[in-house]
Amino acid sequence: MKHGSTRCSAALIRTSWTASGNCSTVCSTISAKAGIRTVRSDTSHFKCTIDGPVARIALNRPERKNPLTFDSYAELRNWFRDLHYDDEVHAVVFLPNGGNFSSGGDVHDIIGPLTQMSMKELLAFTRMTGDLVKAMIHCGKPIIAAVEGVCAGAGAIIAMASDLRIATPDAKVAFLFNRVGLAGCDMGACAMLPRIIGQGRANELLYLGRSMSAEEGHAWGFFNRLAEPAELEAAAMEMAGRICAGPTFANAMTKTMLAQEWSMSLEQAIEAEAQAQAICMQGNDFRRAFEAFAARKKPVFEGD
């Protein structure tokens with residue numbers, strides 16, 4: 001799409017939205033029958049490298065601080081949907097590129113065209129962006145966001161929707177939607193951010209649209225740890241490696257329950273966890289852990 005263009009953006013959203021539903025269904029069938037890889041590394045709108053059980057991805061427009069476009073939104077959403085059915089990738093590291101994580105939606109490729117759309121077209125877009133967050137939550141793999149430099153708007157949402165976050169000292173996170181005349185309630189921010197940093201702090205960021213420094217983010221629990229820029233990727237990969245060395249089926253169960261229990265009462269959550277744990281107890285990794293403990297060895301998990 002050309003910069004400033006207002007043509008066919010809604011059609012692009014509708015086309016990618018309609019096609020993507022069939023993709024996940026097909027991938028589900030293929031994976032169930034053959035157990036093959038379902039995610040691609042030859043992506044068009046972001047970089048993807050798969051190293052064994054870890055997938056590394058990064059937006060790929062560093063000269064403009066990695067803004068998102070209609071195409072990159074759709075491709076990321078489809079990639080995370082397909083990841084749910086991939087048995088070979090066990091963790092994802094979302095990296096910065098060129099010293100920045102993401103500046104959010106591209107002003108020329110997204111913001112401009114949105115001002116010319118109908119309500120129906122706008123709703124198709126906002127639902128598509130929300131579908132990216134839902135795909136990240138339901139992909140079954142822990143996601144680590146390695147944040148450097150600018151992390152704003154939809155970029156901040158991607159970091160928020162990740163399971164773990166590491167930042168460089170210069171990282172700045174801004175949920176700046178109200179600074180462009182929009183509500184702070186975008187892509188699940190009003191539901192998720194208060195759970196991470198607390199209601200009062202979330203209110204401040206969403207009402208003011210101000211940046212949260214790396215130091216604040218670490219103190220408030222948004223960032224799990226800080227790392228120098230030269231060490232950021234290694235720190236994220238080390239964390240991913242530790243996750244992948246664990247019981248991957250059980251990790252997927254943990255991610256599922258973390259998402260599902262948001263809408264449960266405590267009594268419902270305890271029952272759901274009882275059933276989830278009973279399922280894991282039927283797995284071979286549970287037996288392997290017991291046998292390793294009895295033999296005074298470190299367990300080697302295989303994810304089944």
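Nothing in this text is a laboratory measurement; each read-out follows from the coordinates by a stated rule. Since the structure is predicted, the reported quantities are computational estimates derived from the model, not experimental observations. Cβ sites come from the backbone with ideal geometry, for glycine too, and all protein chains shown count toward neighbours.
Each of LYS134, LYS297, LYS65, LYS47 was scored by other Cβ atoms within 10 Å of its Cβ. Arranged with the fewest first, they read LYS297, LYS47, LYS134, LYS65.
THR49 to CYS190: extension gain in nm, 0.36 nm per residue of separation minus the Cα-Cα distance?
47.5 nm
In order along segment 206-214, the phi-based Karplus estimate (6.51 cos²θ - 1.76 cosθ + 1.60, θ = phi - 60°) of 3J(HN,Hα) comes to 7, 7, 8, x, 7, 7, 9, 6, 4 Hz; Gly and Pro are listed as x.
Applying the Karplus relation 6.51 cos²θ - 1.76 cosθ + 1.60 with θ = phi - 60° to segment 135-147 yields 3J(HN,Hα) values of 5, 5, 5, 9, 6, x, 10, x, 10, 10, 8, 9, 9 Hz, where x marks Gly and Pro.
Between GLU302 and ALA230, the FRET efficiency estimated from the beta carbon spacing at R0 = 22 angstrom works out to 0.05. Each of GLU233, GLU291 has some number of other Cβ atoms within 10 Å of its Cβ, and from fewest to most they run GLU291, GLU233.
For segment 148-304, the Cα gyration tensor yields ellipsoid semi-axes of 35, 22, 11 Å (square root of five times each eigenvalue, largest first, whole Å).
Here each label is just a point 7 Å from Cα along the line to Cβ, and for ASP42 and ARG64 those points are 2.6 nm apart. With 24 Å as the limit on Cα-Cα distance, the pairs of LYS47/LYS134; LYS120/LYS255; LYS65/LYS255 that go past it are LYS120/LYS255; LYS65/LYS255.
Stokes-Einstein D for the chain at 25 °C, 0.890 mPa s, Kirkwood Rh over Cα pairs, in µm²/s? It diffuses with D of about 121 µm²/s by this estimate.
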